[in-house]
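Engineer: Below is a structure I'd like to ask you about.
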Amino acid sequence: MKSNWIKYVFIIFIVIILIFSIFKIRKDEEEKQQELEYTSSQQEKVKEMTLGIASLDSINPILSNNKNVQDISKLIFDPLVTLSADYKAEPALAIEWAKQADNSYLIKLRENAKWTGGQRFTAEDVKFTIDRLKEISSVYSYNVQYVTGVDIVDDYTVKIYLDREIPFYEYWLTFPILSKDFYENEDFANTNKNTSPVGTGKYKIADVQPSYIVLEKNESWWNKQTNLTIEKITINLYSSIGELYNSFKIGNIDLISTSNDNLQEYIGTIGYSSKEMKGREHCFLALNTKSNFLSRLEVRKAISFSIDKENIVSSVFNSKCFTSSFPLDYGNWLMQGQDASSGFNIEQGKQILADNGWRYTGGGWQKTENYKTQRLGLNLLVKASDASKVAVAENIKQQLAAVGIGVNIVQASDEQYNNSVNHKNYDMVLCSMTLSPTPNLTTYFGEENRANYSNEEVTNILNEVKNTTDENILKEKYARLVEIYKTDVPYISLYNNKYLVAYNSGLVGEMAPNWFYQFYGIEGWYK
């Protein structure tokens, strides 16, 4: 009996070993197969990409007025502060910043950054760049226009002084930083396509030729956690934007970005993929809250309910714009998931007027107060030189006429328009602004705003948000601003232009561009 028991145990043991061996062999074979497939896929990946620049003026990013150069230069030159895909300020060459007083910022710099020539990046480079931006005319001069001085505290700390308080000034620090050593030895004002400047970015300039520029992966880039699949980028140079578009159309360029409404006329509709997003041009209606009729909340609300933004976008712009509900409604992290629009509801607009004592008669609304009857009618100011805005004004006039609100369009010359805006001589004014990356809303709610609007709670919120970095508090306060905007209707946001990034279908990877940066996710791109 005992010997039989030992024999059975031995047989079971042998069976277990055989099963384990078979399982192990199969697992090893599967892992080898997966490794071979992975290696094969890696070998099949093309690790090069081609971009294009039309009418190159300068390879120096702070001298160039070419949007293509400014976009591509962000691969080569790092700023102090960059923006995320949802427009949140993030560290780049600056790893930390602190507002020390209303008009001064202390900035701690990255110590592991180097120029592609091998030199250390230091505070001297920051001061040099800001000083140059203040001396020349550059698209980035706006970012430093209020800077009165830069103190170098040590090699990796600078203090920036402003001539006034600028809320969220860290968002202005998105200009490219240049090497002091390099540009002191070069003709700064004439840096052109024959020069190979150094940068601190993820790619470096490896070759410059009359018809192309070659970028290579910067192996000494400070961000060691990012592994770039694309190792080489060739930038073809073209004499015109039409030539650039045609090159994309025939597959010689992998990616282009533009706010051109008629892009499809140049590149067609097939053979590529695209991402559309809200652009920087924000159009809105400012309602003078101190004017006779628009001082009444019910009138502002009735107008808001009576304007169909989709109708404006489709009939005036052939759907080449996006409707908007708030100045930050372009993907900003403080606006996500919120809607400041009252919606389009003609009957509700009429009901609000009726509930507040207005009578509809003779095709319009009138109200009697203190034995005086007034008929509702408004002036709408618009620039005569802006044909699209005039068309929008006509559309708004027709829409409001349909609900009994009379509108007289005042087409003013540029000078008359500016004078009327400065003196608040209008009931409504059609405006547009180029949005800043900063979430500062002082332009809309601060002193001398175009709606002539004042609200103590709003003033308090603006003062609170400019002095906090707590994201939860910021989200809470901005949610309240959206709510007030929707309730008090000092403005009616109408639309934003479209910004488009088109890329050849052979370019693989996650594409998450915005108008600040087209290359989010480039570390995973390949062909």
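The values are calculated or read from the model by the stated rules, or taken from the named source; none is laboratory data. Keep in mind that what you see is a predicted model, and the values were worked out from it rather than measured. Because the Cβ atoms are built from the backbone with ideal geometry, glycine has one as well, and the counts that use them run over all protein chains shown. The accessibility values were calculated without ligands, DNA or RNA, using every heavy atom of the protein model including side chains. Shrake-Rupley method; radii C 1.70, N 1.55, O 1.52, S 1.80 Å.
Engineer: If you place +1 on the Cβ of every Lys and Arg, -1 on the Cβ of every Asp and Glu, and leave all else neutral, what size is the dipole of the chain about its Cα centre, to the nearest 20 Debye?
Structural biologist: Roughly 1220 debye, rounded to the nearest 20.
Engineer: Turning to a different aspect of this structure: Could you please report the charge total around M511, scoring K, R as +1 and D, E as -1 over all other residues with beta-carbon less than 12 angstrom from its beta-carbon?
Structural biologist: On the way: positive: K275; negative: D254, E276, E510.
Charge balance in the 12 Å sphere: -2.
Engineer: Further, regarding this structure: Using a/c under 1.5 as the rounded threshold, could you call segment 81-142 rounded, prolate or oblate? The axes a ≥ b ≥ c are square roots of the C-alpha gyration tensor eigenvalues, and prolate needs a/b larger than b/c, oblate otherwise. Show your work: numbers first, answer last.
Structural biologist: Numbers: a/c = 1.32, a/b = 1.07, b/c = 1.24.
Rounded shape, in that the Cα axes give a/c under 1.5.
Engineer: If you don't mind, there's one more thing I want to ask. For segment 328-395, which semi-axes, largest first and in whole Å, follow from the square roots of 5 times the eigenvalues of its Cα gyration tensor? Walk me through the intermediate numbers first.
Structural biologist: Values: eigenvalues 197, 90, 25 Å².
They are 31, 21, 11 Å, listed largest first.
Engineer: If you take the beta carbon distance between T269 and Q398 as r and set R0 to 41 Å, what does 1/(1 + (r/R0)^6) give as a FRET efficiency, to the nearest 0.05? Walk me through the numbers on the way to the answer.
Structural biologist: Working: r = 32 Å, r/R0 = 0.78.
Efficiency computed from Cβ-Cβ geometry: 0.80.
Engineer: Place +1 on the Cβ of every Lys and Arg and -1 on the Cβ of every Asp and Glu in the chain, take the dipole about the Cα centre, and give the residue among Y272, T438, S84 whose Cα lies farthest towards its positive end.
Structural biologist: Y272
Engineer: I'd like the Karplus ³J(HN,Hα) series for segment 377-392: coefficients 6.51, -1.76, 1.60, θ = phi - 60°, whole numbers in Hz, and an x wherever there's a Gly or Pro.
Structural biologist: So the Karplus estimates, Gly and Pro as x, are x, 9, 8, 10, 8, 8, 6, 5, 6, 9, 4, 5, 5, 4, 5, 5 Hz.
Engineer: Then there is this: Considering only protein heavy atoms and a 1.4 Å probe, what is the carbon-and-sulfur percentage of the accessible area of the chain? Could you put the intermediate results ahead of the total?
Structural biologist: Numbers: 11790 of 25390 Å².
Heavy-atom surface of the chain belonging to carbon and sulfur, 1.4 Å probe: 46 percent.
Engineer: Another question, then. Helix 297-306 against the longest principal axis of the chain: what's the angle in degrees, Cα atoms only, rounded to the nearest 10?
Structural biologist: With both axes taken from Cα atoms, the answer is about 60 degrees.
Engineer: Counting residues in segment 290-439 as N, plug N into 2.2 N^0.38 Å and put the Cα Rg over that result. Walk me through the intermediate numbers first.
Structural biologist: Details: Rg = 16.5 Å, N = 150, 2.2 N^0.38 = 14.8 Å.
Dividing the Cα radius of gyration by 2.2 N^0.38 Å gives 1.12.
Engineer: Taking only Cα atoms, what is the 0 to 90° angle, nearest 10, from helix 456-465's long axis to the longest principal axis of the chain?
Structural biologist: 20 degrees
Engineer: Just to be sure I follow the definition: excluding the sites themselves, where is the longest run in the chain that has none of the GluC sites (Glu not before Pro) in a DSSP loop with at most 16 other Cβ atoms within 10 Å?
Structural biologist: Working: sites that count: E111, E165, E186, E219, E231, E447, E448, E510.
It works out to 232-446.
Engineer: Quote the relative contact order of the chain in percent (integer), defining contacts as alpha-carbon pairs under 8 Å separated by 6+ residues.
Structural biologist: Working: 934 pairs, mean separation 99.6, N = 527.
Computed over the chain, the figure is 19 percent.
Engineer: Considering only the other residues whose Cβ falls under 14 Å of the Cβ of D86, what net charge follows from Lys and Arg at +1 and Asp and Glu at -1?
Structural biologist: Numbers: positive: K88, K278, K475; negative: E90, D329, E471.
The answer is 0.
Engineer: For the chain, I need the span (max minus min coordinate) of the C-alpha atoms along each principal axis, in Å, sorted largest to smallest.
Structural biologist: Between the extreme Cα coordinates on each principal axis of the chain lie 116, 82, 51 Å.
Engineer: Taking the Cα centre of segment 249-327 as origin, work out the dipole magnitude from +1 charges on Lys and Arg Cβ and -1 charges on Asp and Glu Cβ, in debye rounded to 20.
Structural biologist: Values: 10 positive and 8 negative charges, 83 e Å.
Roughly 400 debye, rounded to the nearest 20.
Engineer: Taking just the alpha-carbon atoms of segment 137-180, what radius of gyration and Dmax come out, in angstrom?
Structural biologist: 11.2, 29
Engineer: Still on this model: Could you tell me which of rounded, prolate or oblate describes segment 359-467, using a ≥ b ≥ c as the square roots of the eigenvalues of the alpha-carbon gyration tensor, with rounded for a/c under 1.5 and, failing that, prolate when a/b is larger than b/c and oblate otherwise? Working shown, then result.
Structural biologist: Details: a/c = 2.28, a/b = 1.40, b/c = 1.63.
Taking the square roots of the gyration eigenvalues as a ≥ b ≥ c, segment 359-467 is oblate.
Engineer: Would you be so kind as to identify which of L285, G406, I166 lies farthest towards the positive end of the dipole of the chain, taking Lys and Arg as +1 and Asp and Glu as -1 on Cβ and the Cα centre as origin?
Structural biologist: The residue sitting most towards the positive pole is G406.
Engineer: In degrees between 0 and 90, to the nearest 10, how far off the longest principal axis of the chain does helix 471-488 point, with axes built from Cα atoms?
Structural biologist: In the chain, helix 471-488 runs at an angle near 30 degrees to the longest axis.
Engineer: As an exercise, identify the trypsin sites (Lys or Arg not before Pro) in segment 300-358 lying in DSSP coil whose Cβ has no more than 16 other Cβ atoms within 10 Å.
Structural biologist: On the way: sites: R300, K301, K309, K320, K350; in loops: K320.
Hits after loop and neighbour filter: nothing returned.
Engineer: Once you have a ≥ b ≥ c as the square roots of the Cα gyration tensor eigenvalues for segment 402-527, tell me rounded if a/c is under 1.5, and otherwise prolate or oblate according to whether a/b is larger than b/c. Please list the in-between numbers first.
Structural biologist: Details: a/c = 2.52, a/b = 1.48, b/c = 1.71.
In terms of gyration-tensor shape, oblate.
Engineer: What per residue convex hull volume, in Å³, do the alpha-carbon atoms of segment 293-376 yield?
Structural biologist: Numbers: hull volume 10.3 nm³, N = 84.
For segment 293-376, the hull spanned by Cα atoms encloses 122 Å³ per residue.
Engineer: Can you check what the net charge comes to around T459, using other residues whose Cβ is under 14 Å from the Cβ of T459 (Lys, Arg +1; Asp, Glu -1)?
Structural biologist: On the way: positive: K466, K477, R480; negative: E447, E448, E456, E457, E464, D488.
Charge balance near T459 sits at -3.
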